[in-house]
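The values are calculated or read from the model by the stated rules, or taken from the named source; none is laboratory data. Please read all numbers here as calculations on a predicted model, not as lab measurements. Cβ: placed from backbone, ideal geometry, glycine included. Neighbour counts: every protein chain shown.
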Amino acid sequence: MTNTGLILYDLLKGTHVRKTMRFLRDSQDWSLEELERLQAEKLERLLEGVRAEVPFFRSPVTGYRLPDNRTIERFDDCPILDRQIAMEAGDSLLSDNINLKKCKVSRTGGTTGPPLRLYRDTETRSWALAAYYRFYEWMGIEPGMPEVELWGSTTVQNSKSVIPSEAEGQNFPRTSSLVPRASIQNIKSESINRINRFRNFNAFSFNDANLAEVAVKLQKFRPALIRGYLSAILLLADYIKRNNIKGINPIAVSSTSETLFPEYRKKIEEIFQAPLFNQYGCGECNSIAFECKEHNGMHISMEHCILESDENNNLIVTNLDNYSQPFIRYKNGDIGQIDTSPCACGNPAPRLIKLQGRASENIILKDGSSVNGIFFANLLDQEGFINSDKMLRFQVVQDKEGEIEFKAEIKSGSGYRMTDTGCRIPGAGNGELKNVDLKKLKDCLLPFFTKVEITQHAFLDPGPGGKFRYIVSNLS
Ligand SMILES: [Zn+2]
C-alpha cells in the first residue's frame, strides 16, 4: 500500500495504523525482556477491562471467571476458550461498551466448524495491520511497490474484484475494503486499488484460459509482491512453468492460510526465483506471526498477542488489542510448536514452527496412528509426484479409519479440452496418470491403509471460502 493509501485508510476507518507502524519499527529492536514487559502491561490492562465489561468473563454461570491476580506469571490459571464455547457464549462475549460503528463484523468460515461471528474493533485492526506492514519491510517491499493478491473465494462481491469472507486464517487487508460494497462504489474501489498499485485476482476459478489472461496482466503490471492462498500461488506457478512464461519476477512471494509443505515452498521459489515468506493468523486474531529473512519459522507479533502451545501442540492465542470481543487463551484449532532459540536475524521474539494447520485435518492409518498432510507430501515427493509433470495437487478424504480416497489433480495440457465456459475437463483417455504411475501411487499408499481408492480429477475445488484442504476427514 502507498503512504497516501494508509493516510486515507486511517482517516476513513478511524484507525491508527501509521502511528502503530512507527511504534513497531522501534519495538522490533527491543530485547526479549522489554517485549515481555510490554505484553505483561497490555495483558494486565486487558484483563482489568474484561473483568469489568464483558459479561461472559464475570458470570458465575459460565465458570470463566478470570483469576484476580493481574500478572502474566499466573496467566496459566486463566481458563481456555475454544470455538464451541465462544459460539455458545454468543453476545455475552462482547463488551458492554462495544461501539459497533467502530467494529468490522465478519464470520469465520464454515470449513472447519460452524461459523462464529467476529467483531474486530479499530484498535485490534490498527495493530494487526501495522504488524502486517512491518512484515512487508521484512520482505523488502516498500510502500507503493505494485502488489498482486491471488485469492480463492466463492464470495464474489462484484465483477472486478473479489472480497473474500473474513474467514479462516490470516486475512490480508485489502484496499477494496476501504469503501462500501455497493455497486457504484466499485469504481471508487478500483480507483483506490490503482492509486495503491494493487490488483487482485480470483483464483477460485483459475483454469488455463483465465490463467493465460492473468499471466499477461502480471507481465504488464510487474508486481513486486505476489501474495495469497498457497494453492492459488501454486496454480499460477505451475502454469508459468508449463508455458515457459517470462517477465514475472517478484521480489517476494507470500502465502497464507494453508499448510506450507517444504516441497511446495521449493517449487514456488524455483519458478518465481524469489523467496517465499509464510505468515500466520486467524480470524480471532490477525497477524499472529510472520517469517523473517532467515526462513526458519515465523516470529510471533509479541506486541499484539500472546501465543502458547500446549502439550499436544494445540495453539492458544490471546489477542491483546481487541477489547470489544476479547479472545483470551483461545484454542483456535491449529497445531504448531514454539521455538525460543535465537534467530540469526536478531529478532528476539520466539518463532512459530511446524505449523500443521487444523487438528481436525488428520488421517488415521490402519495401525491407528494419526498423520497430517505433511506425511502424504513427503511420501509423494519420495515417489517423484511433487514437482513433476504428473500431478498438481492432491486431496485425501477419509470416511472410515484405515481407508482413504486419494484424489489426484492431474495436470492440464494437451490431454484436456476446454468447455465453452472455459472449464478444463480431461479428454477421453487423456490427461490421466499412466498405468505405471498409478501403480506406483497405489504401492506407496497401500502399506498404510486397508483400502485405497484413487480418483483422478481435472480440478479439485477448494471448499467454502476458497481455502483448499489437502485433508478432508469425515470421521466423527
Ligand atoms: Zn528471524
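Scanning the range 206-232 for residues that are within 27 Å of Pro262 (Cα to Cα), among the aromatic types (Phe, Trp, Tyr) and in a helix (DSSP H, G or I) yields no hits at all. When you scan the range 306-315, do you find a residue that is modelled with pLDDT of 95 or more, within 16 Å of the ligand (Cβ to nearest atom) and either assigned to a loop (DSSP other than H, G, I, E, B) or assigned by TED's automatic domain parsing to the domain that holds Ser92 (or both), even just one? Yes.
Can you work out which of the residues in the range 317-365 that are closer than 19 Å to Leu35 by Cα, over 16 Å from the mean Cα position of the chain (by Cα) and in a strand (DSSP E or B) is nearest to the ligand (Cβ to nearest atom)? That would be Arg351.
Each residue in the range 272-293 was checked for being in contact with a helix residue (DSSP H, G or I) (Cβ under 7 Å, 6 or more places away or on another chain), away from the ligand (no atom under 16 Å from the Cβ), part of a strand (DSSP E or B) and of a type in the set (A, V, I, L, M, F, W, C), and 0 of them qualify.
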